Structure formats: structure tokens, C-alpha cells
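Enquirer: What follows is a structure written as C-alpha cells; I'll ask about it next.
The values are calculated or read from the model by the stated rules, or taken from the named source; none is laboratory data. Small disclaimer: the values here were computed from a predicted structure and weren't measured. Heads up, the Cβs are rebuilt from the backbone with ideal geometry, glycines too, and the neighbour counts pull from every protein chain shown.
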Amino acid sequence: MSKVIADISVSLDGFVAGPHDGPGNPLGDRGDRLHQWVYGLASWREMHGLEGGERNQDADLMGETWSRTGAYVMGKRMFANGEEPWGEEPPFHGPVFVLTHTPREPLVKKGGTTFTFVTDGVERALARAREAAGGQDVSVAGGGQVIQQLVKAGLLDELQIHLVPVLLGGGVRLFEDMGPETIEFETTRVLASTGVTHLTLRPAK
């Protein structure tokens, strides 16, 4: 059955981007440190049209996640920060639904990526992504606010956190304002590597 999954790198102090993120500085100050573990992986390099790379459990995990994804959902901030560095052939190679308040025509890129801009809320974006995914999973590509919305609405089936052993000291938190309600998760898998620990979680029933 198709799942809604979120996959994101997080610092020990809970940040998914450093301070002062924006176009031209998409991961914020020092935020690139959160993703250093992934850049040399064969599966990451393949997604970006590159050859070579390491083949290990990290690469297998990321390859597994990408291979089961049929469509993506992301926030406007994520799109605005990433549009320039992704270039003319973004790494998604499939339909991406961008949450926004500003209507805009779909943006078609090379390599199979099409950005469709959805102005009527996260549930509608998710419904359109499910339809486009054709039975595969829908991946939440970021950022933290979109993941928060889905968790609060009970719409997220799986959360995969890549915990990086660094303290950023500021920036964009994954869970900034979740309110007073206690939300619990169950851990379904833990994989530890030298530079990152992978935690797969699902909302507790």
C-alpha cells in the first residue's frame, strides 16, 4: 500500500537547516554539514546523473527510499531555496507538488521533473501526489513546516530521520511549534554509520 514518507537530515539540536537560509544559501549557514554523509553515495550520485560513489548500507537505504517514491510534496520555501542549485535537471525525476499561496503554471524540467503549484492546502497537494504516484509512495521533500502539518493532521505514515552528530546552534527546526499535544512515534529501524544514524519511525497508533 502506498505510504506518505518524510526523509530528512537533522542535527543533534533539532535543526534541518542553518541560520539565514534562502535563495543563494539554501541550507543556511553551516547547514551543508547535515548532508555531507550523502554526497559520496552511489545512489545519491546516480540520482544527480553522476557516476561512481560508495556502495554501503547508507547508499542502499537511500536507494531503497528513492526507488519506492512515485511523487513528491514540498513547501514553497524549499522550492524557492532549491530551484537555482537544482538547475535544469532536478534530481526528482518525477512529479513534485509545491505548496504555495501564489498561483503559477506548472514548471517542466529536464529528466522528468515537473513542479506543480498547489494553492488549496496540504491535503489537496497530498491527494494529487498520491494520484500521480500510481501506487508508489509519496515522499515529503521538505521542509520542516510541511512535515509538521502532516504530523499534526495524522497524514504521515513514516518519518525517516538521518541524525547527524553536529550542533548547529540555530536555524530551522524540524519541530518548531507542535503545540501542547503529546505525539508519539514507534521506532521500526535503526542503522548506525560513522557519520550518521538512520532512524525510521512511524506514528504510534
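Enquirer: Might you let me know whether the stretch 14-21 holds any residue that is of a type in the set (Val, Ile, Thr), within 23 Å of LEU199 (Cα to Cα) and assigned to a strand (DSSP E or B)? Give the steps one after another, and end with the answer.
Expert: Kept after step one, since they are of a type in the set (Val, Ile, Thr), are these residues of the stretch 14-21: 16.
When the remaining residues are screened for being within 23 Å of LEU199 (Cα to Cα), the result is 16.
Restricting the remaining residues to those that are assigned to a strand (DSSP E or B) gives 16.
Yes, the stretch 14-21 contains at least one residue that is of a type in the set (Val, Ile, Thr), within 23 Å of LEU199 (Cα to Cα) and assigned to a strand (DSSP E or B).
Enquirer: For the stretch 61-75, which residues satisfy the criterion of being touching a Leu at 6+ places or on another chain (Cβ under 9 Å) and either free of Cβ contacts under 8 Å to residues at least 40 places away in the same chain or farther than 13 Å from THR116 by Cα (or both)?
Expert: Quick first cut of the stretch 61-75, residues touching a Leu at 6+ places or on another chain (Cβ under 9 Å) only: 61-63, 73-75.
LEU61, MET62, GLY63, listed by residue number.
Enquirer: State whether the residues of the stretch 40-55 include one that is outside any strand (DSSP E or B), closer than 24 Å to PHE115 by Cα and of a type in the set (D, E, K, R).
Expert: Looking through the stretch 40-55, at least one residue is outside any strand (DSSP E or B), closer than 24 Å to PHE115 by Cα and of a type in the set (D, E, K, R).
Enquirer: Taking the condition of being over 14 Å from the mean Cα position of the chain (by Cα) and assigned to a helix (DSSP H, G or I), how many residues in the stretch 27-39 meet it? Step through it out loud before you land on a result.
Expert: First, the residues of the stretch 27-39 that are over 14 Å from the mean Cα position of the chain (by Cα): 28-33, 36-37, 39.
Remaining after also requiring assigned to a helix (DSSP H, G or I): 31-33, 36-37, 39.
Total satisfying the criteria: 6.
Enquirer: Within the stretch 172-180, does at least one residue satisfy the condition of being of a type outside the set (Val, Ile, Thr) and more than 29 Å from ASP29 (Cβ to Cβ)?
Expert: Yes, the stretch 172-180 has at least one match.
Enquirer: What is the residue count in the stretch 191-200 for residues that are of a type in the set (A, V, I, L, M, F, W, C), touching a strand residue (DSSP E or B) at 6+ places or on another chain (Cβ under 6 Å) and more than 13 Å from ALA59 (Cβ to Cβ)?
Expert: Matching residues across the stretch 191-200 total 1.
Enquirer: Restricting to the stretch 15-46, name every residue that is of a type in the set (Gly, Ala, Ser) and either buried (at least 16 other Cβ atoms within 10 Å of the Cβ) or under 20 Å from GLU84 (Cα atoms) (or both). Steps first, please.
Expert: First pass over the stretch 15-46, keeping only residues of a type in the set (Gly, Ala, Ser): 17-18, 22, 24, 28, 31, 40, 42-43.
Within the stretch 15-46, ALA17, GLY18, GLY22, GLY24, GLY28, GLY31, ALA42, SER43 meet the criteria.
Enquirer: So which residues in the stretch 161-186 are in a strand (DSSP E or B) and either touching a Ser or Thr at 6+ places or on another chain (Cβ under 7 Å) or in contact (Cβ under 8 Å) with a residue 24 or more places away in the chain (or both)?
Expert: Quick first cut of the stretch 161-186, residues in a strand (DSSP E or B) only: 161-164, 172-173, 185-186.
Scanning the stretch 161-186 gives ILE161, HIS162, LEU163, VAL164, VAL172, ARG173, PHE185.
Enquirer: Please work out which residue is surrounded by the most Cβ atoms within 10 Å (Cβ to Cβ), limiting yourself to the stretch 64-87 and to residues that are at pLDDT 95 or above and of a type in the set (A, V, I, L, M).
Expert: VAL73
Enquirer: Which of the residues that make up the stretch 47-63 are of a type outside the set (A, V, I, L, M, F, W, C) and modelled with pLDDT of 90 or more?
Expert: Scanning the stretch 47-63 gives GLU51, GLY52, GLY53, GLU54, ARG55, ASN56, GLN57, ASP58, ASP60, GLY63.
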